[in-house]
Structures are given as C-alpha cells and as structure tokens.
There are 2 protein chains.
Amino acid sequence: MKIVDMRIHSIAIADPPLRSSYGLHAPYALRTILELESDDGVIGISETYGGEVPALSLEAIRLNVVGQDPYRLTGLLSSMVEGEGAGIDRSQTYLVPGENPLDQTTRTYAAIEVGCLDLIGKSVGRPVCDLIGGRVRDRIPFSAYPFFKHAGGGGEGDDLRGDEYGEVLTPEALVGEVKQMIDKYGFSSIKFKGGVLEPDLEIEAIKLLHQELGAEIPLRIDPNSAWTVDTSVRVGKALAKELSGGGYLEDPTAGLDNMAEVRKQLMAEGITTPLATNVAVTSFADIPRSLELDAVQIILCDHHYWGGMRQVRHLANLCKVFGIGLSMHSNSHLGVSLMAMAHVAAATPHLTYACDTHYPWQSEIDEVVAGGRVKIADGCVRIPDKPGLGVELDYDQLARGRQRYEKCPYRKRDDEAQMRKCIDPRWKRMLPRW
Amino acid sequence: MKIVDMRIHSIAIADPPLRSSYGLHAPYALRTILELESDDGVIGISETYGGEVPALSLEAIRLNVVGQDPYRLTGLLSSMVEGEGAGIDRSQTYLVPGENPLDQTTRTYAAIEVGCLDLIGKSVGRPVCDLIGGRVRDRIPFSAYPFFKHAGGGGEGDDLRGDEYGEVLTPEALVGEVKQMIDKYGFSSIKFKGGVLEPDLEIEAIKLLHQELGAEIPLRIDPNSAWTVDTSVRVGKALAKELSGGGYLEDPTAGLDNMAEVRKQLMAEGITTPLATNVAVTSFADIPRSLELDAVQIILCDHHYWGGMRQVRHLANLCKVFGIGLSMHSNSHLGVSLMAMAHVAAATPHLTYACDTHYPWQSEIDEVVAGGRVKIADGCVRIPDKPGLGVELDYDQLARGRQRYEKCPYRKRDDEAQMRKCIDPRWKRMLPRW
C-alpha cells in the first residue's frame, strides 16, 4: 500500500463569540482537513489546526508523504517528534493554541500520523484505537465546556448562525448555559473557561455550579494564566471544597515557577486541589522541570500538538510513572478531531479525567463528517464498530468549509484582534490581569 | 479475527557452561514458545522465559486469550502492565532474570502482546516493527557478548554439543573468544560479562580488548552487581579510558543507592563513564528514584519483562525525556526472541546502544525457527521483508525442544545450584563478592 495523493483542505467553521483571557473568538475558527489516499483507493483522514501555517507545513512535507507506505511513514518521519530535547522552552502560555511555532513540527506530524492510522484502519477494517494498543474503554467521557460569551452564534453576513445559548456574562447565565449543555449532552463533569470576569465573579460562578449541580459533578476552572500567584492562591482557597472530588485548577497563572508557587502555598494551607496545565507543559521537554518544581499535577494531553496518538500514549505512561494525572485539551474542532481524540482516549489506560471538547460550540452546518455530527450521549462519545476513526468525509460539506475559508479575511487565530475589533479597541491580553 | 487456540511449548535448549556472578549456566536453558492461532488459520508466535512458572502463568490466562480478537486483546489485558505503581521495589538484583515473581505478570503480558502483533502482522502482511510506530532502522546492531566459561558446549549425555570456544578463564582467552565472535558475526561493540574473576583480572581483560581491538570498538563490562562501591569506583577509574567512547559500566554494584554512590565518586574524579542497569531498574516503578539519585544513566530495556514492545517504546520515550540512554538486555534465547528484539529495536528511535544478545551461545541444533538460525552479519540483524516477526516455527525442531525439556531434571533457572554441582559444592552467590 502506498500513499498516492495528499489533499490539504483549509476550511472555516462558524464559532460563537466566546471569551477567554486570550480575547474573543472570531466568527470563524480555522481548521485543516487532511486526506491521504492510497493506491487501492482507501482514504485516511485527519483534522488539525487551521489557517496558513498548518496548511503550508503539511504542504512542505508532501514529497515525504506521497509515495510512502502508511505503515512506515510514521517511522520515516519520526525525527519530527523525536528531535526535541529536554530543556527547550516550548511554553505556549503567551500564544493561542495552534499558533505556537515551536510545536508546528509535532502538529504536522500528528496530522500525518492520524491520517495514516485512519488509512490503515480503513484498509484492514479495524478501529484506530485497536491499532495503537487496543481500547481499554468503549465510551469516552467528555466534559461540558462552558464559556462566557457575547450574544451571537458565530458566522458573519448572510452566514450568521443561530445563538443556542445567548449572551452569557454573569455567573447565573453561566449556570444556565451549563444546564442547557447537560440537558443536551449528558455531561457529568464541567470545565469552566474563566479568566474573563473579575475573579470574585468566577469564584461565584463555580460556587453556583457546585450548589446547583451537586458535589458529584467535578468542576474545573481554567483562567488561561490570567491571575497572579496571589489571586490564584486566593481562588484556590475560596474554591477548596468546590474543586475537590475530581476537579482541578487549570493554568491559574503563567509559567512553571508561578504554578509551583501556587501549589506550594495551597499545600501549606492543606489544600490539595491539583493544578492542571495545557500551556506550561506542552511538550516532553517541559516535563523534567515541571516535576522538579511540582508545578503541575495534571497534564492536558492533545494529540494535535503533542505529536500524535502514540506520543500521547507515551505521555500517559510517563504521567503514570510520576503520579501525574492526565486529562485532554481541546480547541474548536469538528467530528474528525473528536473521533481522533476519542480513539486515543479509548486506548489510553491512564487517562484520569473526562476530556475537554469545544464540540458543542460548533454546529451541524459546518460538520464535514458524512452523516452529520458525532453524537455525544451521557457525556460520552462511543467508539463505533467501524474501521479507522469511524467517520468519512462529506465532500459537499467540505467544499462549503473551503468556501467559508476563502471568504474569511484572516489566516490565523487572533483573539486579541477580535476583542479590539468588537468589544474594546484598546484591549490587550495581560498576564496577569488580576 | 479471533484467537481460537493458544499453545504453550516448554522447551530446553543447550547452553554452554557460562559463568557470571549468578553462578554457572546449566547444560540447558529453558524457554517457552507461544502460539496464538486465529480462526482463519494464521499463527502468531512469541518466545519468553522458560520453565514451570512462565508456562503456568500463560496457562492461567488461557480463558482471557482464547476467543479474543488479537487487535483488542492487548487493551483488554492492559491492567497487567498498567497496574504497577511507583514506589514498588521490583529489583531483580538478587534473582536471575526470568525468576523475579514481581515481573511475572508483565512477562506474561509481553508474550501475549508479541504473539498478537505477530499474528496481526502475518494477517495483514506487515512486519511487526511497522505496526508499532514504523521502523526507524532496518539493521539492528547487536553486541558481542563474551563470557568466561568452562570447557564444553552445553547439552548432556548423548546430547552433548560441540564446544566452539573452549575454556575461557583468562583475559587472554577472553580476547580470543571475542575475536572469534567478531570474525563470525562482525560485531562492532562488546559487552563483557564480568563478576567472575578477581576485578584486577577483569580490568586486565578490558584493557587487553581495548588494546587488541582499538578504541573504535565500544566496551562494556557487566559484573552483575558483584562489586562493592569501592571496587566499582576503583574499576571505573582504572577503565576510564577504555569504557569511554560509547562504552559503559553495567550494574557494578547492588541497588540504586550504591549505584548512585559509584556515580557520585566517579563524577567527582571527572570520570563520566555512564552506569547502566538491567537489575536495579526493571520496571517503570523504579525510575523516579533512580532519576532522583542519578543512579543510572543507561537502562537496558527488554520487552520480555518490561511488558512488551509498546512498553519498551514508552520506556524509550521516557528515557529520552530525562536524558537517559537506552540499551537492550538479553537472556539465552532462540530466533523468535531475537526477531522480536530486532523489531522493537527497529521501531525505537531512542535506542542509543547496540543491543545485547546471547544468541551466539545457542546452536543450530536447538533453533525452532524454520529455515535455521537468524543471520547476524556485520553485527546486525536485518528486518526481513516478511510479515510479522518474519519467522515461522519448525515443528520438528520444536518437538525436539519439548523432548529435551521433558528429559531435563529442572524447571527453573538456578545458576547457583549448577555452580555447586559442577565447580564448588560450597559456592554461594555473594553480593558484593569483591
């Protein structure tokens, strides 16, 4: 089996005006859909970050991909994920995910790896999770992922989308948003994107969620490094009860040293709430120092930027060895990414938390998966009894995604610019803000 | 595809009277050959430690194996390798490899995993290395593995084998043995099994090897923990030049604390010779403390007891992250194990040393691989363009191995008993001896 064609589709998908410490989500999120076609006509697919650089980076290795055997390609390209050494600071604390030039290589590799695994799976009639070690679970739990948001459902002009959740800029509205999500998807854990309102309001939001949903629903808050060490400690103390029982405090503050200081101060008060991260530790090179400092007790893996599914498996094993928890990070994405996340989660014994997903924020109109959106029921994605990732492309939908991309005036994610454009012309991301 | 039969073959293979700090190799080494047959008649094979316990341990999970899909079985059984936590002392310093009850579970899992991978590879026409991430090399370098030995080629009674190397109990004879091995197999690195003669004689042996073979041949010495810290440091100092340039000092002394002390004292003298181990660190649970102490700079992986090929891939990744080198351990084995070692090595980018192998000590007469012994040329095993492990069983040879096993009076490896029987009735393994 040889790969005879590689097709790179840059698409845009409507995204609601979600807020975070990065700023504001633009009306469209950018994604890249990759197709690898074999000489016997089987097509492997994957989805990754969008815009110019991810597409160009894939294009740049076309000659290393086309003509190769998908079983061997991941070995041939392995220097793309093996090259990195310890001690290189790969932090993306100051960059939105997908815009960190230091992980472009591992992101490119991951897109190819997933495409190869889907191609292999489809070729031999096997789900991807059973190619990478074998599933340990069939149903993958995901978290509700509530955001503060302005009114609007994403899209622009004559492509404006409905606004399922309305404006959500108060703790009460946030609770309403979460209840809507739970009703619709059955989530049984919640990851709340903070770093937007005053910390006291976000403390209030978590307390309200805890009160309304009960202690059996684990709660996480992620202000994307918006807080000082002092604020982080203050929030950690205020929410000691609410974040216990399977919850965590994610990236309260910027950088490993500050995270370590927060941990130290909380532990000194007897507060064991674990600190999680998806920006202070984004590559294997970050891990030794993080362990040394006890800066992070949970790593959010993401096959998209950690270098693919097998690298996530390595990461999970490493985390287990050092007693570090493992959760999963997400970005705005469609069903191909969701299924890849589900497959790697299915084959990862040491995945100790429900995975994040932005999927509920995207809509059927943008889905490129044939047959429509992947179902999330009881908060879980089920591994279907289908080969590969278990999904195929709807080429009409893909074409519409490409058209949206063509019309879209930007080629990378810039939440800060969007914030200035729509909300406050003088807005700047500040770390720490509070 | 379902596994419809599992066949466990206990065999004995002739083994020459090799010496180590464990004692003396008995006339036969014990191995287990596993067959997993699928409903479409494909047979996956693997080889593991021999004797009663390994065979019984495999037998004990028969009901979890037969009826299962080989793609999924590794996931279903994953708790066998995922169960171990940090902090459990799994050292086999005081036990011969294969006789550590604490890694029986991972050894059993490994045998099943390799059998499944061979079955899958043979079913889809793909080499195993390309199923576990894709090969990064086609030719796997192995080391010459000289031992001090008594006269004799192994076997007993009317099954006595020829003695290719004769008695080797002096530094000069050892050099002759190595030259013979290099002439025959083309090895370009040497791992010398010490811990047998006075340390000064072993120092002399290494110096002679260095002098006769030149600095471009990396040299390792492994006394299997036979030395005190002081002796280890003394040898490390005496051989500072000879073990530099890709060589190492393997398990000079017993336990992580002593290893760490040797390292510290050598480093204080400016001697950077890395310390390697296959007994102080034999599982993931041993690693955090080893890192903390800087006790070990090179780990010898071995899929047979680390829990299979994918666990070795995880180990390799972890070693890379922490700047630890990776080599490969070996025991007396036949061609099935050799090919499994070669496949996992082929798919492991961070394998930083030539692998150990006892293979030259075994003979064509005992080989169960159809077509005869696997070729080692220019010191390397080449990954053949064949599915699975690239080897099939010769059932007549296998039957002869089973007959030898039946005749063999022992059911586990006991080098100490053999030493007492043949050389010195009062001999005891002593750590440290010198």
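The values are calculated or read from the model by the stated rules, or taken from the named source; none is laboratory data. It should be emphasised that the depicted structure is a prediction, and the values quoted were computed from it without experimental measurement. Neighbour counts are summed over all protein chains in view; Cβ atoms, including those assigned to glycine, are modelled from backbone coordinates with ideal geometry. For accessibility, only protein heavy atoms count, side chains too; no ligands or nucleic acids. Shrake-Rupley method; radii C 1.70, N 1.55, O 1.52, S 1.80 Å.
Just give me the residues in the range A:264-284 being in a loop (DSSP other than H, G, I, E, B), β-branched (Val, Ile, Thr) and away from every other protein chain (no Cβ under 14 Å), in sequence order. Spell out how you get there, then give the answer.
Start the filter on the range A:264-284 by keeping residues that are in a loop (DSSP other than H, G, I, E, B), which leaves A:269-274, A:278-283.
When the remaining residues are screened for being β-branched (Val, Ile, Thr), the result is A:271-273, A:279, A:281-282.
If the condition is that a residue be in a loop (DSSP other than H, G, I, E, B), β-branched (Val, Ile, Thr) and away from every other protein chain (no Cβ under 14 Å), then A:ILE271, A:THR272, A:THR273, A:VAL279 are the ones that fit.
Taking the range A:320-329 as the range and being surrounded by fewer than 24 Cβ atoms within 10 Å (Cβ to Cβ) and more than 10 Å from every other protein chain (Cβ to nearest Cβ) as the test, the residues that pass are A:ILE324, A:GLY325. The condition (being more than 14 Å from every other protein chain (Cβ to nearest Cβ), open to solvent by 20 Å² or more (accessible area, probe 1.4 Å) and not small (Gly, Ala, Ser)) is satisfied by just one residue among A:TYR49, A:TYR28, A:TYR22: A:TYR28. Selection of strands (runs of 3 or more DSSP E) fully inside the range A:285-401 by the criterion of at least 2 residues being closer than 29 Å to A:GLY75 by Cβ returns A:298-301, A:325-328.
Taking the conditions exactly as written (at negative phi, surrounded by 24 or more Cβ atoms within 10 Å (Cβ to Cβ), in the same structural domain as A:GLY307 (by TED's automatic domain parsing) and touching a residue at least 12 places away in the same chain (Cβ under 8 Å)), does A:THR282 satisfy them or not?
Details: at negative phi: yes; surrounded by 24 or more Cβ atoms within 10 Å (Cβ to Cβ): yes; in the same structural domain as A:GLY307 (by TED's automatic domain parsing): yes; touching a residue at least 12 places away in the same chain (Cβ under 8 Å): yes.
Yes: the conditions hold for A:THR282.
One residue stands out among those in the range A:336-375 that are of a type in the set (A, V, I, L, M, F, W, C) and open to solvent by 10 Å² or more (accessible area, probe 1.4 Å): the one that is farthest from the other protein chains (Cβ to nearest Cβ), which is A:ILE365. Applying a threshold of 6 Å to beta carbon distances and a minimum spacing of six or more residues, or different chains, the list of pairs starting in the range B:288-315 at a residue that is more than 13 Å from every other protein chain (Cβ to nearest Cβ) and ending at one that is assigned to a loop (DSSP other than H, G, I, E, B) reads B:VAL296/B:VAL281; B:GLN297/B:PRO274; B:ILE298/B:PRO274; B:LEU300/B:ASN278; B:LEU300/B:HIS329; B:ASP302/B:HIS329. Comparison of B:LEU393, B:LEU398 shows that the only residue that is over 30 Å from B:ARG137 (Cα atoms) and either touching an Asp or Glu at 6+ places or on another chain (Cβ under 9 Å) or open to solvent by less than 30 Å² (accessible area, probe 1.4 Å) (or both) is B:LEU398.
Of all residues in the range B:378-434, those satisfying the criterion of being closer than 30 Å to B:ILE8 by Cβ and among the aromatic types (Phe, Trp, Tyr) are B:TYR395, B:TYR405, B:TYR410. Inspect the range A:198-209 for any residue being out of contact with any strand residue (DSSP E or B) (no Cβ under 6 Å at 6 or more places or on another chain), farther than 21 Å from A:LYS241 by Cα and open to solvent by less than 60 Å² (accessible area, probe 1.4 Å) and give the result as yes or no. Looking for residues that are out of contact with any strand residue (DSSP E or B) (no Cβ under 6 Å at 6 or more places or on another chain), farther than 21 Å from A:LYS241 by Cα and open to solvent by less than 60 Å² (accessible area, probe 1.4 Å), one finds none in the range A:198-209, hence no. For the range B:148-171, the criterion of being open to solvent by less than 10 Å² (accessible area, probe 1.4 Å) and within 14 Å of chain A (Cβ to nearest Cβ) is met by no residue. Looking at the range A:255-274, can you tell me whether even one residue there is in contact (Cβ under 8 Å) with a residue 40 or more places away in the chain, within 23 Å of A:LEU24 (Cα to Cα), surrounded by fewer than 24 Cβ atoms within 10 Å (Cβ to Cβ) and under 25 Å from the mean Cα position of the chain (by Cα)? Yes. Check the range A:317-324 and report whether any residue there is in contact with a Lys or Arg (Cβ under 6 Å, 6 or more places away or on another chain) and touching a residue at least 24 places away in the same chain (Cβ under 8 Å). No, the range A:317-324 contains no residue that is in contact with a Lys or Arg (Cβ under 6 Å, 6 or more places away or on another chain) and touching a residue at least 24 places away in the same chain (Cβ under 8 Å). Taken together, the criteria exclude A:HIS350 from residues that are at pLDDT 95 or above, within 19 Å of A:TYR185 (Cα to Cα) and not aromatic (Phe, Trp, Tyr).
Taken over the range B:63-106, residues that are within 14 Å of chain A (Cβ to nearest Cβ), modelled with pLDDT of 90 or more and open to solvent by 30 Å² or more (accessible area, probe 1.4 Å) amount to 6. Restricted to the range B:232-261, and to residues that are hydroxyl-bearing (Ser, Thr, Tyr) and out of contact with any strand residue (DSSP E or B) (no Cβ under 6 Å at 6 or more places or on another chain), which residue is nearest to B:THR352 (Cα to Cα)? Looking at the filtered set, the residue picked out is B:SER244. Among the residues of the range B:120-130, at least one is open to solvent by 10 Å² or more (accessible area, probe 1.4 Å), farther than 30 Å from B:GLU364 by Cβ and in the same structural domain as B:ARG19 (by TED's automatic domain parsing).
The condition (being in the same structural domain as B:LEU291 (by TED's automatic domain parsing) and either closer than 16 Å to B:ASP130 by Cα or out of contact with any strand residue (DSSP E or B) (no Cβ under 9 Å at 6 or more places or on another chain) (or both)) is satisfied by just one residue among B:ALA316, B:ALA370, B:ALA354, B:ALA347: B:ALA347.
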